[in-house]
Amino acid sequence: MEIKKSKKSKKMGTATIVVAVVVVVGLLIGAAAPHAGATVTAAASVNVHPATQVVTAGSPFTINVTVENIAEMGADQVTLHFDPNTMSVSQVTEGDFLKSAGVTVGSNITNNSEGYVTFFYSLRTEGATVSGSGTLATIYFDTSASATGLFNLELSDVLVATGTGELIPVNLFNGSVNLIPFTVTLTSPETGTFASTSVNVNFALQPEWTVLDWAAYSLDGGTNVTITGNTTINSLSPGEHYLVVYAQDNNGNTAASNTVNFTIHPADITGDGQVNVFDLQQLAWAFNTQPASPNWNDAADLNRDEIINIFDLQILAWNVGNNYV
Ligand SMILES: [Ca+2]
């Protein structure tokens, strides 16, 4: 409204119009200020990217130190602090942002005992600059397998210069890394007593995205049997057993599962310690069924092949008269 009026009023002086525009802009900024994210122009910043990530303890990870919304940058210097008891820097490489304007000179200083890395790069040609957003450096970390938790990656002593050697103010955005342990958990068999002479060996991995290089189970403390995933152990002897699964991920981290103790009472479908006609009845009622069937009886699948048929009947026949009590 005021601007339209001032356009119509040819008598209004230039100074008055400038003042009016300044007042209107001032009001707009004042009105916008309390609303987060409503900034008129984005401020220049130096950032740890990604701001946070989840990493298996013992595995390497990388972060980029990025710059955003920078105008006419000619050089940068950044120090990044980390927990030296948990992680160490293996390599620092310059990003492609500053280089995009020509040859750069610079290097980095890594101090893994005190837990910091400093890098510094400058365009070779005085007056050469880059503007916009990009990566200043990529930092490669190794981590300790025994350390887990959330660890800060903190920027300090950040200097960003123009092409003529003046300081450019920037906001700093730190990052963190969440180190979680590599674990293997046996989900089958569960602790208990089973009529089956086979058990399904099922295990779950954390983190879920873990890629295994190797896995094996050990039954009753015996030799490791290499497996490629969930499996079945057949022809178990009557009595008590225990089972552990070992695994190694593609970063060389190893883990042992919980130990599961279980007991095999072959063909004792009813669970009363005896193998007799009552077990035969259970098997007969579920005969020729599969798990989706309403008559399915999981305990009667004596060989764990998900069908109840003569092979289960055979196991029962071989064990009739057994008394496990
Ligand atoms: Ca079966």
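No lab work stands behind these numbers, since they all come straight from the coordinates. Predicted model only: the values in this text are computed from it and were never measured. Every residue, glycine among them, receives a Cβ derived from its backbone with ideal geometry; neighbour counts consider all protein chains shown.
Whole angstrom only: what separates the Cα centroid of the range 53-103 from the Cα centroid of the range 154-221?
So the separation of the two Cα centres works out to 22 Å.
Taking only C-alpha pairs under 8 Å that are 6+ residues apart, what is the relative contact order of the chain in percent?
Once normalised by length, the contact order is 15 percent.
Out of residues 5 or more away from T289 or on other chains, whose amide H comes under 5 Å of its own, with H placed 1.01 Å from N in the peptide plane?
I308
Give me the number: length gained by fully extending E208 to N295, i.e. 0.36 nm times residue separation minus the C-alpha to C-alpha distance, one decimal in nm.
27.8 nm
Sort L80, L219 so that the residue with the fewest other Cβ atoms within 10 Å of its own Cβ comes first and the one with the most comes last.
Least to most surrounded, the residues fall as L219, L80.
With r defined as the distance between the Cβ atoms of N250 and E72 and R0 fixed at 45 Å, what FRET efficiency is calculated, to the nearest 0.05?
After rounding to 0.05, the efficiency reads 0.55.
Got a sec to turn the phi values of the range 175-185 into Karplus ³J(HN,Hα) couplings, 6.51 cos²θ - 1.76 cosθ + 1.60 with θ = phi - 60°, whole Hz, x for Gly and Pro?
x, 7, 10, 9, 8, 10, x, 7, 10, 10, 10
Using only helices, what value at 222 nm comes out for the chain when you add -39,500 (n - 2.57) per DSSP H run of length 4 or more and divide by the total residues, to the nearest 500 deg cm²/dmol?
Result for the chain: -4000 deg cm²/dmol, rounded to the nearest 500.
Compute the FRET efficiency between T162 and I109 as 1/(1 + (r/R0)^6), taking r as their Cβ-Cβ distance and R0 = 35 Å, and round to the nearest 0.05.
Efficiency, from the Cβ-Cβ distance: 0.90.
To the nearest 20 debye, what is the magnitude of the charge dipole of the range 272-325 about its Cα centre, counting +1 on the Cβ of each Lys and Arg and -1 on the Cβ of each Asp and Glu?
Computed about the Cα centre, the dipole is about 100 debye.
Return the FRET efficiency for the residue pair I180, Y140: r is the Cβ-Cβ distance, R0 is 22 Å, and the value is rounded to the nearest 0.05.
0.65
Give me the angle, in degrees from 0 to 90, between the Cα long axis of helix 310-319 and the longest principal axis of the Cα atoms of the chain, rounded to the nearest 10.
On a 0 to 90 degree scale, this one is about 60.
Using the Karplus equation 6.51 cos²θ - 1.76 cosθ + 1.60 (θ = phi - 60°), what ³J(HN,Hα) coupling, rounded to whole Hz, does each residue of the range 291-308 give in order, writing x for Gly and Pro?
In residue order, the calculated couplings are x, 6, 6, x, 8, 4, 10, 4, 5, 8, 7, 6, 10, 6, 10, 6, 8, 9 Hz.
What residues qualify as long-range amide H neighbours of T56, i.e. H under 5 Å apart, gap of 5 or more or another chain, H built at 1.01 Å from N?
Distant-sequence amide H within range of T56: I180.
Beyond 28 Å, what share of the Cα-Cα pairs of the chain remains, rounded to the nearest whole percent?
65 percent
For the chain, with the dipole built from +1 on Lys and Arg beta-carbon atoms and -1 on Asp and Glu ones, taken about the Cα centre, which of V260, V225, S144 lies farthest toward the positive end?
Farthest along the dipole direction, towards plus: S144.
So if I place +1 on the C-beta of Lys and Arg and -1 on the C-beta of Asp and Glu, and nothing else carries charge, what would the dipole magnitude of the chain be about its Cα centre? I want it in debye, nearest 20.
Dipole of the chain, to the nearest 20 debye: 2380 debye.
Quick one: angle between helix 14-32 and the longest Cα principal axis of the chain, in degrees between 0 and 90, rounded to 10, please.
Orientation of helix 14-32: about 20 degrees from the principal axis.
Could you tell me what % of all Cα pairs in the range 45-180 have separations over 19 Å?
Within the range 45-180, distances greater than 19 Å cover 46 percent of Cα pairs.
Would you please give the residues with an amide H less than 5 Å from that of G163, counting only those at least 5 places away or on a separate chain, with H modeled from the backbone geometry?
Correct list: G74.
Got a sec to turn the phi values of the range 194-207 into Karplus ³J(HN,Hα) couplings, 6.51 cos²θ - 1.76 cosθ + 1.60 with θ = phi - 60°, whole Hz, x for Gly and Pro?
Working through the residues one at a time gives 10, 7, 5, 9, 10, 10, 7, 9, 10, 9, 10, 10, 10, x Hz.
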